[in-house]
């Protein structure tokens, strides 16, 4: 199953992130190496959010990531939420659905 972690970022996120970025990125790469985090990145134009794609049997990895993230604990993230994502198309889809005979 896939889970999306959404971040809403503080207005001054770009100015404040530098001293926290290595800790944030280390946490993300560790989650990726464990096979939990598939893709992640900030939204741009405007830089007001970020999206993380997690995979696993439940949302725990995504929640634990957010709770441990220095961006969250230092107020760069103003809110976050984890949502299940039913993926149906693509090589990595957790629930592939093909069109029926037509």
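Numbers at a glance
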| read-out | value |
| --- | --- |
| Counted residues, segment 80-102 - those being under 18 Å from residue 52 (Cβ atoms) and loosely packed, with under 11 Cβ neighbours inside 10 Å | 2 |
| Residue ID - farthest from residue 85 (Cα to Cα), chosen from residues in segment 1-15 that are out of contact with any helix residue (DSSP H, G or I) (no Cβ under 6 Å at 6 or more places or on another chain) and surrounded by 15 or more Cβ atoms within 10 Å (Cβ to Cβ) | 13 |
| Filter result (outside any loop (DSSP other than H, G, I, E, B) and touching a strand residue (DSSP E or B) at 6+ places or on another chain (Cβ under 9 Å)) within segment 68-102 | 71, 72, 77, 78, 79, 80, 81, 82, 83, 84, 85 |
| Selection status of residue 19, farther than 13 Å from residue 2 by Cα and part of a loop (DSSP other than H, G, I, E, B) | no |
| Candidate set: segment 46-67, residues that are within 11 Å of residue 1 (Cα to Cα) and in contact with a strand residue (DSSP E or B) (Cβ under 9 Å, 6 or more places away or on another chain); chosen: the one surrounded by the most Cβ atoms within 10 Å (Cβ to Cβ) | 54 |
| Selection within segment 43-67 - under 9 Å from the mean Cα position of the chain (by Cα) and in a strand (DSSP E or B) | 50, 51, 52, 53, 54 |
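Readers should treat all values here as calculations from the given coordinates under stated rules, not as data from a laboratory. Given the structure is predicted, the values throughout are model-derived calculations rather than measurements. Counting neighbours? That spans all protein chains shown, and the Cβs are built from the backbone with ideal geometry, glycine included.
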